[in-house]
Amino acid sequence: MFEISNERIEVEALRRGLMDSGCGGYTAFEGWVRNHHQGRAVSGLHYEAYADLAKAEGLKILAEAGERFGPVRLACVHRVGDLAVGELAVWVGAAAPHRDEAFKACRYVIDELKQRLPIWKKEHYIEGESAWVDCERCRAAGHGKHDHDHDHAPARPPQEEVAP
Amino acid sequence: MQLRVSYFAWLRERVGLDTETIDTAAVTPAQLWTELDARHDFATERRHLRVAVNDAFSTWDAKLAEGDRVVFIPPVSGG
């Protein structure tokens, strides 16, 4: 199950949906809206999605996780619209016969979706401005003149990608 | 040939449109990018973006057909 939603993510219902008598392990990842980014105070985020493609790509990622890690039950919801600091932006749940597959599949899904889903994040700053997140580096280098490449490369190092 | 082109995120703000229907001689997404860049000035290079045709990722040299929906996809930042 993969959804793009502009409603609050109801974690308990999603968790219940993964329950299965054949599963002995469950884990989930929650991405929360953080109050700072690159030294700037953030008041909230706006997420925009190309929903038709994001849904198709999201389902593809879940299917890939199943192929890699075996019979894992997976669900994922990504919010769109305006989110306040502390709100849940993305949720990934994984249930499997044993914990190892659940952890691995959950990690795979969140890592892949950050790289592949056509979803964009605009940050609103405390001092009043707003900026599309991946655009910052482009702006710093001057659009059309920069030498960095976005193809399949994270805008920031993966170790900084724990929360949205 | 008539195509529908949709824009998202900063590209949408730059162009000032969600979607436009255009008559074009372009037969690939790459040619379409060049034509629309001349009209809108996307202010970025094509290599930074991906492209989707009819809601599936595509290559820049794919063959377009009448009525196709083309979306230029800026670097993503979900999660």
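The values are calculated or read from the model by the stated rules, or taken from the named source; none is laboratory data. Owing to the predicted nature of the structure, the values given are computational and were not obtained by experimental measurement. So basically every Cβ, Gly included, is an ideal-geometry build from the backbone, and we count neighbours across all protein chains shown.
Taking the stated definitions as given, is A:I61 of a type outside the set (S, T, Y), surrounded by 17 or more Cβ atoms within 10 Å (Cβ to Cβ) and part of a strand (DSSP E or B)? Answer is no for this residue.
Looking at A:W120, A:W32, just one residue is within 12 Å of chain B (Cβ to nearest Cβ), within 27 Å of A:L14 (Cα to Cα), aromatic (F, W, Y) and crowded, with 21+ Cβ neighbours inside 10 Å, and that residue is A:W120. Does B:R50 meet the test of being out of contact with any helix residue (DSSP H, G or I) (no Cβ under 9 Å at 6 or more places or on another chain) and either within 9 Å of another protein chain (Cβ to nearest Cβ) or under 30 Å from A:A89 (Cα atoms) (or both)? Answer is yes for this residue. Selection of segment A:5-61 for residues being hydroxyl-bearing (S, T, Y) and under 16 Å from A:K121 (Cα atoms) yields A:S5, A:S43, A:Y47, A:Y50.
Note on segment B:7-30: residues that are surrounded by fewer than 19 Cβ atoms within 10 Å (Cβ to Cβ), outside any helix (DSSP H, G or I) and in contact (Cβ under 8 Å) with a residue 12 or more places away in the chain total 11. Every test in (1) over 28 Å from B:V71 (Cα atoms); (2) loosely packed, with under 14 Cβ neighbours inside 10 Å is passed by A:G25 save one, and that test is (2). One residue stands out among those in segment A:74-105 that are acidic (D, E) and part of a helix (DSSP H, G or I): the one that is surrounded by the most Cβ atoms within 10 Å (Cβ to Cβ), which is A:E101. Can you find even one residue in segment A:38-47 that is in a helix (DSSP H, G or I) and out of contact with any helix residue (DSSP H, G or I) (no Cβ under 9 Å at 6 or more places or on another chain)? For segment A:38-47, residues in a helix (DSSP H, G or I) and out of contact with any helix residue (DSSP H, G or I) (no Cβ under 9 Å at 6 or more places or on another chain): absent. The set of residues in segment B:31-53 being within 11 Å of the chain's Cα centre (by Cα) and either β-branched (V, I, T) or surrounded by fewer than 16 Cβ atoms within 10 Å (Cβ to Cβ) (or both) consists of B:Q31, B:T34, B:E35, B:R46, B:V51, B:V53. Only one of the numbered conditions (1) surrounded by fewer than 21 Cβ atoms within 10 Å (Cβ to Cβ); (2) at pLDDT below 95 is not met by A:C138, and that is (1). Summed over segment B:31-73, residues that are aliphatic (A, V, I, L, M) and in a strand (DSSP E or B) total 7. Among the numbered conditions (1) touching a Phe, Trp or Tyr at 6+ places or on another chain (Cβ under 8 Å); (2) closer than 14 Å to A:R116 by Cα; (3) at pLDDT 95 or above, the only one that B:S58 does not meet is (1). The set of residues in segment A:54-99 that are in contact with a Cys (Cβ under 7 Å, 6 or more places away or on another chain), within 12 Å of another protein chain (Cβ to nearest Cβ) and within 20 Å of B:A56 (Cβ to Cβ) contains only A:G58. Within segment A:58-85, restricting attention to residues that are among the small types (G, A, S) and modelled with pLDDT of 95 or more, the residue that is nearest to A:D20 (Cα to Cα) is A:A75.
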